[in-house]
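What follows is one structure encoded as structure tokens, with my remarks underneath.
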Amino acid sequence: AEDIRDKIFDPFFTTKTATKKKGSGLGLSIVYGIMTDHNGYIDLESQVNVGTTFSLYFPVCRDEVKRELRPDVHGGVERILVVDDDAIQRDVLCRILGDLGYVVFSVGTGESAVQQIAQAAAGKFPDLIVMDLVLGEGINGTEAYRQIKELNPGQKAITISGFRQSELIEGAQALGAGQHLRKPLRFDDLALAVRAELDRPQSSPETGAV
């Protein structure tokens, strides 16, 4: 519609509410950011009750592009569990971490993450969990991390979110989670946060844990 057309590329703008837990308002802003980074542009044609067409124009590029990493950005070979209810963003996270050399596996709900840890054999826990705090179905990321810590008290994690859910962030960090990142994520920021948490000295396990 004409009254929202100028807002659709704004980060976190959405016609849905946070209480419905659907739509973070990040999809088109991420697309816009990618196009801008590639010196491209987007053309929009839209008519209510008729349809919408987005035309994406990219500049001519080299046949092969080599990513130049910052000197302080390093990957690794550790096992990382990605928890995100958005399939596209989950895939992007897995691709980025995989490109950095990590062994990556993923789930879409907090319950599935807890189940993964509960079923893990001794010594097979992930070295790190990248946990979305606002999950579409079931328990949120903070509650999932609390249950995971009961199963594996030393479990390391970093958290991500597209919403300003300060109580969830504070709750996860009180449980021992490391850095929190805001969506949309940047490659270098994610890589640095993951490496920093993996390299952080392991805290002593809590007593009475399973």
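The values are calculated or read from the model by the stated rules, or taken from the named source; none is laboratory data. Predicted, not measured: the structure shown is a model, and the values here were computed from it. Glycine gets a Cβ as well: all are built from the backbone with ideal geometry, and neighbour counts include every protein chain shown. For the accessible areas, the whole protein counts, side chains as well, though only heavy atoms, and no ligand, DNA or RNA atoms are used. Shrake-Rupley method; radii C 1.70, N 1.55, O 1.52, S 1.80 Å.
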So what's the net charge close to residue 124: Lys and Arg +1, Asp and Glu -1, counting the other residues with Cβ under 14 Å from its Cβ?
-1
For segment 72-180, what class follows from the C-alpha gyration tensor (a ≥ b ≥ c being the square roots of its eigenvalues): rounded when a/c is under 1.5, otherwise prolate if a/b is larger than b/c, else oblate?
rounded
Not counting ligands, DNA or RNA, and with a 1.4 Å probe, what is residue 137's accessible surface area in Å² rounded to the nearest 10?
120
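For the chain, report the accessible area per residue in Å² (1.4 Å probe, heavy atoms, rounded to an integer).
Working: 12560 Å² over 210 residues.
Per residue, the chain has an accessible area of 60 Å².
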If 44, 190 are ordered by their accessible area, calculated over protein heavy atoms with a 1.4 Å probe, which sequence runs from highest to lowest?
44, 190
Among rounded, prolate and oblate, which fits segment 67-124 when a ≥ b ≥ c are the square roots of the eigenvalues of its C-alpha gyration tensor, a/c under 1.5 means rounded, and a/b larger than b/c means prolate?
oblate
Relative to the longest principal axis of the chain, what angle (0 to 90°, nearest 10) does the C-alpha long axis of helix 87-99 take?
70
Environment charge of residue 35, counting only residues whose C-beta is closer than 15 Å and scoring Lys/Arg +1, Asp/Glu -1:
-3
Just read off the accessible area of residue 6 with the full protein assembly in place, 1.4 Å probe, to the nearest 10 Å².
140
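Using just the helices of the chain, give the 222 nm mean residue ellipticity in deg cm²/dmol: DSSP H runs with n ≥ 4 each add -39,500 (n - 2.57), and the total is spread over all residues, rounded to 500.
Computed ellipticity for the chain at 222 nm equals -10000 deg cm²/dmol.
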Heads up, I need the accessible area for residue 183: 1.4 angstrom probe, whole protein in place, Å², nearest 10.
20
Using Cα atoms only, what is the angle between the long axis of helix 27-37 and the major principal axis of the chain, expressed in degrees (0 to 90) to the nearest 10?
80
On C-alpha positions alone, give me the angle between the axis of helix 187-199 and the longest principal axis of the chain, in degrees, nearest 10.
0
Among 149/183; 16/183; 156/183; 7/183, the pairs whose Cα-Cα distance exceeds 29 Å are none
Keeping the other protein chains in place, figure out the carbon and sulfur percent of the accessible area of the chain, with a 1.4 Å probe.
51
